[in-house]
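Reading through the structure tokens given below for one structure.
The values are calculated or read from the model by the stated rules, or taken from the named source; none is laboratory data. Note that the structure is predicted; figures quoted are calculated from it, not measured. Here the Cβ positions follow ideal geometry from the backbone for every residue, glycine too, while neighbour counts run over all protein chains shown. The protein model used for the area step is the full one, side chains on, heavy atoms only, and it has no ligands, DNA or RNA in it. Shrake-Rupley method; radii C 1.70, N 1.55, O 1.52, S 1.80 Å.
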Amino acid sequence: MKAVVFADTRSVVVKDVPDAMLDDRDDVVVRVTSSAICGTDLHMYDGRTGAEPGLVLGHEPLGVVEQVGSAVEMVRPGDRVVIPTHLYCGVCVNCARGLSAACLRVRPGGFGAAYGYAGMGGYRGAQAELLRVPYADANCIPVPGRPGDELEDDLVLLADAFVTGWHATVLGQVSAGSTVAVFGAGTIGLLAAYSSLLKGAAEVYVVDAVPERLDKAGEIGAVPIDYRRGDPVDQIRERRRADGLAPGEAAVSGVQVGIDAVGFQAHDRLRPGVENPTQVIGDLARLVNPTGHLGIIGVYADKDLHPAPEGHADGRLTVPWATFFSKGISVRFGRTHDRRYTVLLRDLVLSGRARPGSVVTHHGRLDDAPGLYRAFDQRADGVIKAVLRP
């Protein structure tokens, strides 16, 4: 089968690899119809997180079940399914508590696993024609329709991007009437903003510097903030004051909820082209109002082979804990416990209430992956979210 394979720093190739096969009685093999490229893939593509050459990439698949192990009961050949990024057994103590991203059985000696992800269990990725899915009864989310239909882009985003964007709003405790600032207008940031609006947030600001991303933020109903035009914290405060604060809120012109959808590869605002992994955290510490909430969904890697000047190879960072403490801000972060949200968000899509596929900008075949990775990594050609269709 064909697959997208990590070759070296900023180099992926499309090559033939052995077909995915049933290894255990509870496996299925899925023929992939769509597989998205994620910003997390770029951390490996950029040579930052220790991906080894030969790793099949990708963790956002939608497809059709082709082969079924003898112990599988919930799906059959021909079923259309979404496969969540994080594998889980469904029955260990963490899975039983709804903490599926911390499953204790899928990575011996560790916890949690993902497809096509360095250090997360060695499972082959989903940017391929076929994918082996372990613990299939837990990991296959049935969806209606046929491959290539009008919901294809919406449904593939249930594998990761929409679920992760929604998870960001849970971490940040977004509720009806909230004021929200999302830093980062990649797919996750955009879908965190979109999820905030679905939940009834009163104001949602999205901070970035890529024009196409800012335009997309405006399209989904958020207020775009271009940090090239000045300090985004000042811009948001000025915008809120100009629009008119609620009575008594003059002293709290920040926001109730901040979401970091950038992570450790954040750019320094005053030094274009230079990374500063503390930039977004520092800005949000200033912006979030006392007793507010901070949700961190951007990746902070525990191994960085080429750390930025303000970073460290082991992921250590200096963050403004005293500010968070004195302001009484809650800080929550971590990987998405996919299974908490997949059915809920699937049903929002099927009802027509949610169309997350609106953030998809590019499609291609597997052979187009090298060019799409390059453009995505360079923030070029308007690539915000690309979906491969094997």
Check your understanding: Quick one: would you say SER195 is under 14 Å from the mean Cα position of the chain (by Cα) and of a type in the set (S, T, N, Q)?
Key -> yes
Point to revise | Cross-chain or 6+ apart pairs with Cβ under 9 Å, the stretch 273-299 first and at positive phi, then part of a helix (DSSP H, G or I) and modelled with pLDDT of 95 or more | key: THR291/LYS327
Point to revise | One residue from ARG76, ARG107 being assigned to a loop (DSSP other than H, G, I, E, B), in contact with a strand residue (DSSP E or B) (Cβ under 8 Å, 6 or more places away or on another chain) and within 23 Å of ASP154 (Cα to Cα) | key: ARG76
Practice item. Considering only the stretch 1-49, give the strands (runs of 3 or more DSSP E) lying wholly within it that have at least 2 residues that are in contact with a helix residue (DSSP H, G or I) (Cβ under 7 Å, 6 or more places away or on another chain) and open to solvent by less than 30 Å² (accessible area, probe 1.4 Å). Key: 2-8, 28-36
Check your understanding: Checking GLN127 against (1) open to solvent by less than 30 Å² (accessible area, probe 1.4 Å); (2) over 30 Å from VAL12 (Cβ atoms), which test does it fail?
Key -> (2)
Review point. What number goes with the only condition from (1) of a type outside the set (A, V, I, L, M); (2) modelled with pLDDT under 95; (3) part of a helix (DSSP H, G or I) that ASP283 does not pass?
Key: (2)
**Study point:** Residue that is surrounded by the fewest Cβ atoms within 10 Å (Cβ to Cβ), among those in the stretch 291-303 that are within 23 Å of GLY186 (Cα to Cα) and touching a strand residue (DSSP E or B) at 6+ places or on another chain (Cβ under 8 Å)
**Key:** TYR300
Review point. Taking helices (runs of 4 or more DSSP H) that fall entirely within the stretch 168-252, which contain at least 1 residues that are open to solvent by 60 Å² or more (accessible area, probe 1.4 Å) and either in contact (Cβ under 8 Å) with a residue 12 or more places away in the chain or in contact with a Pro (Cβ under 8 Å, 6 or more places away or on another chain) (or both)?
Key: 211-219, 232-243
Exercise for review: Report yes if some residue within the stretch 114-127 is within 28 Å of LYS303 (Cβ to Cβ), of a type in the set (Lys, Arg) and part of a strand (DSSP E or B); otherwise report no.
Suggested key: no
Point to revise | Residue pairs meeting the criteria (Cβ under 6 Å; at least 6 apart or on separate chains; first free of Cβ contacts under 8 Å to residues at least 40 places away in the same chain, in the stretch 4-33; second not in a loop (DSSP other than H, G, I, E, B)) | key: LYS15/VAL5
Revision key, fill the gap. Of (1) within 30 Å of ASP41 (Cβ to Cβ); (2) part of a loop (DSSP other than H, G, I, E, B), ILE259 satisfies every one except (2)
